[in-house]
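Report on the following structure.
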Amino acid sequence: MTATTSATEPTATGGHPQRWLILGVICLAQLTVLLDNTVLSVAIPSLTSELHATTTDIQWMINAYSLVQSGLLLSAGNAADRYGRKKLLAVGLALFGIGSLAAGLADSTTQLIAARAGMGVGGALLMTTTLAVVMQIFDDSERVKAIALWSTVASLGFAGGPLIGGVILNHFWWGMIFLINIPVAVVALVAVLRLVPESKNPQGERPDLLGALLSTIGMTAVVYAIISGPEHGWVSAQVLVPAAIGLLGLGAFALWELHTPYPMLDMHFFRNQKFIGAIGGSILVVFGMGGSLFLLTQHLQFVLGYEPLEAGLRMAPLALTIVGLNLTGIGPRIVVKLGTPPTVVLGMSLVAGGLTAISLLGGGTDGSYAGMLLGLVLMGGGIAVSSPAMANAIMSSIPPEKAGVGAGINGTLAEFGNGLGVAVLGAVLNARFAALVAVTATSLPAALAAADGEAEAKAVSEAFASGLQTSQLVGAIAVFAGGLVAAALLRRAERTERTLAAEQLPAAPAESGT
């Protein structure tokens, strides 16, 4: 296959002459998209009071974005390769800006959920094309450093949303957390059109539209079933029917991917134990962090009484720990020193330890923050340590020519892990909350407003805090167990690779006389 590129394609000795400026533009665009994954969490009180959003509404506001994005990531990457990465990056920025405008001006939960889904389409294009452009404009000598900076921005965007959202909500109404994206998108769009070189492969694989549709339907139905479980009962028709639809949809997706000549996900990757271990670990790390952030911001504001900015500041140690350790390169150095499997166990054990600390030391109603701080720092350290190890394992477990597909798979499953974390841990909290207090309200603020006197309001807060503790423990167990399994698969894959390499040694060219 021959790739067509512009005259500004990087040379073999240095890369694009404006590569660092372009990287700054790309990181700005990516930061805006990733912030939107978590910035909404601090606006939950405002959305609950002004739009009368229920807990399920809030979960769908978050999941509509992540599920649409995750369902389209692979097909968006394939489309960018075929039609041009610069073009699709510009389209993604435009769609994201339009979706942000619609979300900021929404006056109902239905409108906001629909706008968030539209933003997810733009986010999918941005997430795939930004990394593709980084791979294009940097040569081998600088590419690792550029990707490290790209990854650092990804961590900052994912974990820094509560702080930035808190700053915005401290001065403006909730719609500004979306409208602030518009000038950023416009600046980034102009810069992309002026600076980013075009590249595409006109003979590349076609977009797998049916695969994207099946995966989106499957994941949406499964998560809907999880969200609906506490309200309707896990064996009710309202849960079992969407669960069955989701499983059938994902099964049909897998069968289609095995038979279509242009799959968005090569199912044969799942024969590789290194790939499975790294993907499983990545999902569970995001599962624990995404679910925890969703619940902790509510706990800080509803139970402990902090304002949005105060809640965001108290969540900041998670982001600061990740960024600090990523910028100093500690994570990659640990991988080199310990090897991938021990590093994965260490990192995911730290994440699990952080969730446990939050549950046992920072999840009560007494206003204590020390336990939560310890948990956030441990989680940040675990993410910074394990993420480079798992990213390296994912990219090294597939053929180099499929590196873009590998990045798309990683992004897809990370988004799915985040949505699943919000759904599962939220469902655990709701089930525990409903078991402790006899209220008919559909959200914590509504239950507090309906409480008859201070004693009943205190009981509602304590029930929510108990649900938080239970959900964090569930997340800790899942992350720790997943870390052990992922490390075992990675270790077995390494042994297999060493065995194959040893078996190939006798086939090396023998000494020959001349």
query = Which residue pairs have Cβ atoms closer than 7 Å, lie 6 or more positions apart in sequence or on different chains, and pair a first residue in region 112-124 that is in a helix (DSSP H, G or I) with a second residue that is of a type in the set (V, I, T)?
reply = A117/V68; G120/V68; V121/V68; G123/V33
query = So is L258 free of Cβ contacts under 8 Å to residues at least 40 places away in the same chain and within 21 Å of L73 (Cβ to Cβ) or not?
reply = yes
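Each row is one residue, and each column tells you yes or no for (1) in a helix (DSSP H, G or I); (2) among the hydrophobic types (A, V, I, L, M, F, W, C); (3) surrounded by fewer than 23 Cβ atoms within 10 Å (Cβ to Cβ).
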position: F270; (1), (2), (3): yes, yes, yes
position: I276; (1), (2), (3): yes, yes, yes
position: I279; (1), (2), (3): yes, yes, no
position: V285; (1), (2), (3): yes, yes, no
position: G288; (1), (2), (3): yes, no, no
position: S292; (1), (2), (3): yes, no, no
position: T297; (1), (2), (3): yes, no, no
position: F302; (1), (2), (3): yes, yes, yes
position: A311; (1), (2), (3): yes, yes, no
ask   = Out of the residues in region 180-212 that are modelled with pLDDT of 85 or more and among the β-branched types (V, I, T), which is nearest to the chain's Cα centre (by Cα)?
value = I182
ask   = Within region 90-110, can one find any residue that is of a type in the set (D, E, K, R), more than 25 Å from V187 (Cβ to Cβ) and in a helix (DSSP H, G or I)?
value = no
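Going through T442, T470 one at a time, which residue ends up being open to solvent by 20 Å² or more (accessible area, probe 1.4 Å), more than 22 Å from the chain's Cα centre (by Cα) and modelled with pLDDT of 75 or more?
T470
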key: Among residues of region 28-60, those that are open to solvent by less than 30 Å² (accessible area, probe 1.4 Å) and under 19 Å from Q111 (Cβ atoms), counted   = 13
query = Across region 321-362, what is the number of residues that are under 19 Å from R491 (Cβ atoms), surrounded by 22 or more Cβ atoms within 10 Å (Cβ to Cβ) and of a type in the set (S, T, N, Q)?
reply = 2
task = Restrict the check to region 225-244 and report whether at least one residue is under 30 Å from R432 (Cβ atoms), assigned to a helix (DSSP H, G or I), within 23 Å of the chain's Cα centre (by Cα) and modelled with pLDDT of 85 or more.
result = yes
remark   = Every listed condition ((1) under 20 Å from the mean Cα position of the chain (by Cα); (2) surrounded by fewer than 24 Cβ atoms within 10 Å (Cβ to Cβ)) holds for K86 save (1)
query = When both residues are 6+ apart or on different chains and their Cβ atoms are under 9 Å apart, which pairs have a first residue that lies in region 327-352 and is touching a residue at least 24 places away in the same chain (Cβ under 8 Å) and on the phi > 0 side of the Ramachandran plot, and a second that is open to solvent by 40 Å² or more (accessible area, probe 1.4 Å) and hydrophobic (A, V, I, L, M, F, W, C)?
reply = G329/A148
query = What residue, of V42, V33, V25, is modelled with pLDDT under 75 and not charged (D, E, K, R)?
reply = V42
message = Against the definition (modelled with pLDDT under 80, among the aliphatic types (A, V, I, L, M) and under 26 Å from V134 (Cβ atoms)), how does A311 come out, yes or no?
response = no
message = Can you confirm whether V485 is modelled with pLDDT of 70 or more, assigned to a helix (DSSP H, G or I) and closer than 17 Å to T55 by Cβ?
response = no
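The values are calculated or read from the model by the stated rules, or taken from the named source; none is laboratory data. This structure is a prediction, so every number in the text was calculated from the model and none was measured. A quick note on method: Cβ atoms are made from the backbone with ideal geometry, for glycine too, and the neighbour counts reach across all protein chains shown. With ligands, DNA and RNA removed, areas are computed over all heavy atoms of the protein, side chains included. Shrake-Rupley method; radii C 1.70, N 1.55, O 1.52, S 1.80 Å.
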